[in-house]
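In what follows, a structure is listed as structure tokens, so that the remarks can point back to it.
Nothing in this text is a laboratory measurement; each read-out follows from the coordinates by a stated rule. Nothing here was measured: the structure is a model prediction, and the numbers come from that model. As a convention, Cβ positions derive from the backbone with ideal geometry for all residues, glycine included, and neighbour counts pool all protein chains shown.
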Amino acid sequence: MLARYVLRRLVGMVIVVFLVLTIAFVIVRLAPGDPAALMLGPEATAADAAALRARLGLDRPIPIQYLTFIGNALTGDLGTSIFFNQPVTRVLADRAEPTVFLALFSLLFALLIATPIGIYAAYRRGSFLDQSAISIAMLAASVPSFWTGLMVQRYLATELGWFPASGYGGPDADFLERMAHLMLPSLVLGVVNSALILRFTRASMLDVLGEDYVRTARSKGMGELRVVLRHALKNAAIPIITVVGLTFALLVSGAVVTERVFNIPGMGNLVVNAVLRRDYPVIQGTLIVVATLYVVINLVIDLLYLVVDKRVKY
Amino acid sequence: MAAAASSVAAQEPGFLKLLLARRSVLVALIVFVAVVAVCVLAPLVAPADPMKMSVRARLSPPFGAYLLGADPFGRDVASRLLYAGRVSLVIGAGVALLSTVVGVMIGLLAGFYRRLDGPLSRLIDAMMAFPDILLSIALVSILGGSMVNVIIALSIVYAPRFARIGRASTLVIRELPFVEAARALGSSTRYIIANHILRNIVSPIIVQATFIFAYAMLAEAGLSFLGVGVDPSTPTWGTMINEGRQYIDQAAFLIFFPGIAISVSVLSLQLIGDGLRDALDPRLAREL
């Protein structure tokens with residue numbers, strides 16, 4: 001049963017990744033007019049455009065282009081950046097470090113903020129703390145993260161000097177210094193993303209706290225702290241893991257904007273610059289890598305349920 | 001028929017009463033209507049011409065001759081804020097409307113026709129694998145940055161969410177006895193979809209549309225901030241923040257006010273959405 005379930009999910013994942021590739025292929029061809037001319041800008045001659053079309057294979061029939069694209073993507077070739085004249089995978093890999101750590105740190109901050117408050121808010125449901133936690137979470141989800149970033153950068157970094165204001169420490173910076181540059185951006189992104197996790201944690205804890213076995217544990221004379229942390233939290237873990245998967249998309253979107261605010265040379269900055277430079281292969285490659293990662297992470301999370309909760313059977 | 005009509009009539013005040021029972025929802029509704037009103041009436045209420053430059057007024061601080069200060073070109077920030085709000089609100093509303101129509105249509109097809117369900121559902125999954133900012137950046141960069149293209153791009157991004165809701169609700173409602181009865185009475189598929197299914201999925205769709213309105217306003221601001229949204233010569237709350245960025249050290253108010261405008265609008269929309277959800281579906285209300 002288990003093997004069949006895993007197999008079915010894997011096949012589903014392959015289909016979705018295939019569709020992701022197809023969508024990325026179609027998007028670039030939605031451009032009105034000649035993509036080669038668009039990429040080169042208004043000064044280019046017709047001969048330049050023809051040369052670029054030939055280099056990108058845009059002069060061949062669409063079905064052939066599509067098959068070549070899928071074939072290349074399956075062997076890990078996402079094309080060549082026009083601006084950098086390097087493979088897209090290489091360009092992306094060079095800028096992955098800040099983005100990956102920014103996402104990880106902000107997820108960590110979001111969990112550290114949201115989980116304890118969410119649990120406590122559920123435990124003291126309807127209290128002043130509960131209501132303020134919900135209101136603040138909603139407020140955090142309403143303020144644009146780049147705006148918070150700009151404000152925090154202006155006052156905490158530029159004016160008070162508590163954090164490095166921007167950048168990634170320059171070319172000679174060691175690992176610790178690079179990470180130090182990520183602290184303030186991660187904190188901003190973490191606070192913004194904690195809103196969703198807080199609401200989810202609170203809701204799933206509320207469900208579990210009403211269950212019979214929690215009442216049983218209490219009536220057996222088990223201490224309140226132990227009831228909440230051992231029995232309730234363990235069973236509220238599934239929805240919380242789900243929300244971490246959902247947060248991935250939010251984290252990536254947030255990272256794109258936050259990297260721009262703090263001038264961090266990551267994948268977000270890369271993709272925005274690619275748009276300004278009309279470097280379509282880079283845009284396409286970023287879309288494919290991020291969406292595939294999303295699909296894989298969510299599959300892993302679904303499979304994690306099997307480990308976390310013994311009651312889940314497929 | 002009479003019984004049905006009277007039960008609908010009896011529901012109406014109940015719904016409004018439920019919606020406005022929470023003070024936060026009432027306040028949010030008043031605030032949002034006020035924001036929309038001053039932006040729509042911008043030509044009448046704006047203190048100055050939003051495009052008029054004045055070298056001497058350059059970066060005037062707020063609460064002086066200029067209520068909310070003046071920008072680097074000496075243009076009145078308060079007036080620009082009102083005119084920019086029109087664009088931001090139109091984009092939010094346009095996206096909510098367009099993505100609802102397209103998404104619900106796809107969802108109905110997937111939910112009602114079994115053969116279409118598999119392919120359409122996989123397509124929805126694939127679309128939702130792209131983070132919204134990333135997909136909208138790519139779409140706007142390819143379609144070009146006009147207001148209409150931003151609306152189209154963001155609608156493509158958000159339509160799959162409506163498709164999921166539409167599909168899920170259709171799957172449930174399709175199996176209910178009254179749909180079977182309608183079919184037995186000889187109703188056509190189109191009639192059943194229009195009169196039975198659509199009518200019964202309105203509530204979750206309205207709630208979602210309210211949230212998408214809010215998300216689209218945030219996304220538009222993000223796109224404009226990144227410089228890949230609407231043409232920078234059109235003021236929106238996002239482009240105002242982007243323009244003010246290089247003056248943040250001497251004139252933070254240039255960024256502060258548009259940020260507040262976005263946050264207040266988005267927050268009130270989210271509160272209204274929450275209120276609508278609880279009022280339209282009291283079963284969910286217990287959560288809060």
(message) Can you return the aspartates and glutamates within cross-link range of B:Lys17? Criterion is Cα-Cα under 12 Å, with same-chain partners fewer than 8 residues away left out.
(response) B:Asp278
(request) Between B:Ala110, B:Ala181, B:Ala153, find the one with the highest GNM mean-square fluctuation for chain B; connect C-alpha pairs within less than 10 Å. (result) B:Ala181
(request) With r as the distance between the Cβ atoms of B:Val33 and B:Asn200 and R0 = 35 Å, compute the FRET efficiency 1/(1 + (r/R0)^6) and round to 0.05. (result) 0.75
(request) Find which of A:Ile283, A:Thr115, A:Leu156 sits farthest along the positive direction of the dipole of segment A:93-308, computed with +1 on the beta-carbon of Lys and Arg, -1 on that of Asp and Glu, about the Cα centre. (result) A:Thr115
(message) From Cα pairs below 8 angstrom and at least 6 apart in sequence, can you work out the relative contact order of chain B, rounded to a whole percent?
(response) 23
(request) Return the aspartates and glutamates within reach of B:Lys52: Cα separation strictly under 12 angstrom, same-chain partners fewer than 8 residues apart disregarded; answer none if there are no such residues. (result) B:Asp71, B:Asp76
(request) Enter the mean number of other protein chain beta carbons within 10 Å of the beta carbon of each residue in A:134-147, as an integer. (result) 6
(message) Please give the charge dipole size of chain A, origin at the Cα centre, charges +1 on K and R Cβ atoms and -1 on D and E Cβ atoms. Round to the nearest 20 debye.
(response) 1340
(request) Answer rounded, prolate or oblate for segment A:100-154, using the Cα gyration tensor with square roots of eigenvalues a ≥ b ≥ c: rounded when a/c is under 1.5, else prolate when a/b is larger than b/c, else oblate. (result) oblate
(request) Once you've got the GNM for chain A with C-alpha springs shorter than 10 Å, pick whichever of A:Asp172, A:Asp279, A:Asp34 has the biggest mean-square fluctuation. (result) A:Asp172
(request) For the protein assembly as shown, give the magnitude of the charge dipole about the Cα centre (Cβ charges: +1 Lys/Arg, -1 Asp/Glu; no others), in debye to the nearest 20. (result) 1720
(request) Based on other C-beta atoms within 10 Å, arrange A:Val16, A:Val300 from fewest to most. (result) A:Val300, A:Val16
(request) Treat the count of other C-beta atoms within 10 Å as a stand-in for reagent exposure and order A:Asp302, A:Asp212 from fewest to most. (result) A:Asp212, A:Asp302
(request) May I ask you to list the aspartates and glutamates whose Cα is less than 14 Å away from that of A:Lys220, ignoring any residue fewer than eight positions away on the same chain? (result) A:Asp212
(message) Once you place label points 7 Å from the Cα toward the Cβ at B:Phe73 and B:Arg115, how far apart are they in nm?
(response) 5.7
(request) Count, for each residue of A:12-25, the Cβ atoms from other chains sitting within 10 Å of its Cβ, then give me the mean as a whole number. (result) 4
(request) Have a look at B:Ser203, A:Val16, A:Leu270 and report the one farthest towards the positive end of the charge dipole of the protein assembly as shown, computed about the Cα centre with Cβ charges (Lys/Arg +1, Asp/Glu -1). (result) B:Ser203
(message) On C-alpha positions alone, give me the angle between the axis of helix A:96-123 and the longest principal axis of chain A, in degrees, nearest 10.
(response) 20
(request) Rank these for me by crowding, A:Leu209, A:Leu10, B:Leu82, B:Leu218, going from fewest to most other beta carbons within 10 Å. (result) A:Leu10, A:Leu209, B:Leu82, B:Leu218
(message) Given R₀ = 56 Å, what would the calculated FRET efficiency be for A:Phe175 paired with B:Thr234, taking r from the Cβ atoms and rounding to 0.05?
(response) 0.80
(request) Using amide H atoms built 1.01 Å from N in the peptide plane, name the residues 5+ places from A:Thr80, or on other chains, whose amide H lies under 5 Å from its own. (result) A:Val88
(request) In debye, nearest 20, what is the charge dipole magnitude of chain B about its Cα centre with +1 on Lys and Arg Cβ and -1 on Asp and Glu Cβ, if you could check? (result) 460
(message) Residue by residue through segment B:26-40, what is 3J(HN,Hα) from phi via Karplus (6.51 cos²θ - 1.76 cosθ + 1.60, θ = phi - 60°)? Round to whole Hz and write x for glycine and proline.
(response) 4, 4, 4, 5, 5, 4, 5, 4, 5, 4, 4, 4, 5, 6, 5
(message) Just to confirm the filter: which trypsin sites (Lys or Arg not before Pro) across segment A:214-266 are DSSP coil and have at most 15 other Cβ within 10 angstrom of their Cβ?
(response) A:Lys220
(message) Averaged over its residues, how many other protein chain Cβ atoms are within 10 Å of peptide A:271-282's Cβ atoms?
(response) 3
(message) Between segment B:201-247 and segment A:205-234, what is the separation of their alpha carbon centroids in Å?
(response) 43
(request) Just grab the label-to-label distance for A:Tyr155 and A:Ala93, each label 7 Å out from Cα along the Cβ direction, in nm (one decimal). (result) 4.4
(request) Take B:Leu176, project a point 7 Å from its Cα along the Cβ direction, then tell me which residues of segment B:190-209 have their backbone nitrogen under 15 Å from it. (result) B:192-205
(message) Can you compute the modelled spin-label distance between A:Leu303 and B:Gln250, with each label point 7 Å from Cα toward Cβ, in nm?
(response) 5.8
(message) Taking 56 Å as R0, compute the FRET efficiency from the Cβ-Cβ separation of B:Leu44 and A:Val6 and round it to 0.05.
(response) 0.30
(message) Over chain A, with a Gaussian network built from C-alpha contacts below 10 Å, which listed residue (A:Thr80, A:Thr99, A:Thr22) shows the highest mean-square fluctuation?
(response) A:Thr22
(message) Using Stokes-Einstein with the Kirkwood hydrodynamic radius over Cα pairs, what translational diffusion coefficient do you get for chain A at 37 °C and a viscosity of 0.692 mPa s, in µm²/s rounded to a whole number?
(response) 146
(message) Run lengths n ≥ 4 of DSSP H only: what is the helix-derived mean residue ellipticity at 222 nm for chain B, with -39500 (n - 2.57) per run over all residues, to the nearest 500?
(response) -24000 deg cm²/dmol
(request) Determine the calculated [θ] at 222 nm for chain A from helices alone, applying -39500 (n - 2.57) to every DSSP H run no shorter than 4 residues and normalising by the residue count; nearest 500 deg cm²/dmol. (result) -24500 deg cm²/dmol
(request) Among B:Gly111, A:Phe146, B:Val90, pick out the residue whose Cα is farthest towards the positive end of the charge dipole of the protein assembly as shown, where Lys and Arg carry +1 and Asp and Glu carry -1 on C-beta, about the Cα centre. (result) B:Gly111
